[in-house]
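A short reminder: the numbers here are calculations on the coordinates, not readings from a lab. Because the structure is predicted, anything quoted here is derived from the model rather than measured. Positions of Cβ are backbone-derived with ideal geometry, glycine not excepted, and every protein chain shown enters the neighbour counts.
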Amino acid sequence: MIDKKNLWFLTLFSLVLVLSIYYVTMPNELLLTNNNTETVSNNNTEKTDNISVSITESDVISALKVEDENDTLEEINTLKETLTNSEETVDKKNEAYDKIKELNENSGKEETIENMLKEKYKYDVFVKIDKDQVRVVIGTKEHSTELANEIMRLVQEQFTNKMYISVQFQS
């Protein structure tokens, strides 16, 4: 049995551990105290430097990947809770297990397709598989129907069933 002291110790220790991992994995740019916006006051005059932010294709692709990964992890955690819940029926546990297995298989296939397309076309790629639909986002400004058709054929070759494939070019 865990008493209150041990519970508090474990709680605080896990908090410290999470914060230290966060600190270690933070990019160095955030740790620097160099501010890009400066306010200089000389004789009641203030000067402010404006910062312009530009978003590149790889940033959009990376954001899609992170969002998809977070959604998948949340869904897997929910399904794991169902598996470990002693009050759930065997059928619900089997469904949860099958869904986790499907999510893992889809993640593996998504990664395989992304790597294949990256090697062949040298673009940043995001692939999302949802049942019989495959969404492909290509990080290029070039919009070519020939390229889209070629990508669709390559992606369809990875599946035995007919898939509905959409290709989007990120401009």
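Tell me the net charge near Glu102. Cut-off is 13 Å between Cβ atoms, Glu102 excluded, with +1 for each Lys or Arg and -1 for each Asp or Glu. Please list the in-between numbers first.
Details: positive: Lys99, Lys101, Lys109, Lys131; negative: Glu75, Glu95, Asp98, Glu105, Glu110, Asp130, Asp132.
Its environment carries a net charge of -3.
At 7 Å along Cα-to-Cβ for each site, give me the label-to-label distance between Thr140 and Tyr121 in nm.
Going by the 7 Å Cα→Cβ label model, 0.6 nm.
For the residues Lys99, Lys4, what sequence is obtained by ranking on other C-beta atoms within 10 Å, fewest first?
With the fewest neighbours first, Lys99, Lys4 line up as Lys4, Lys99.
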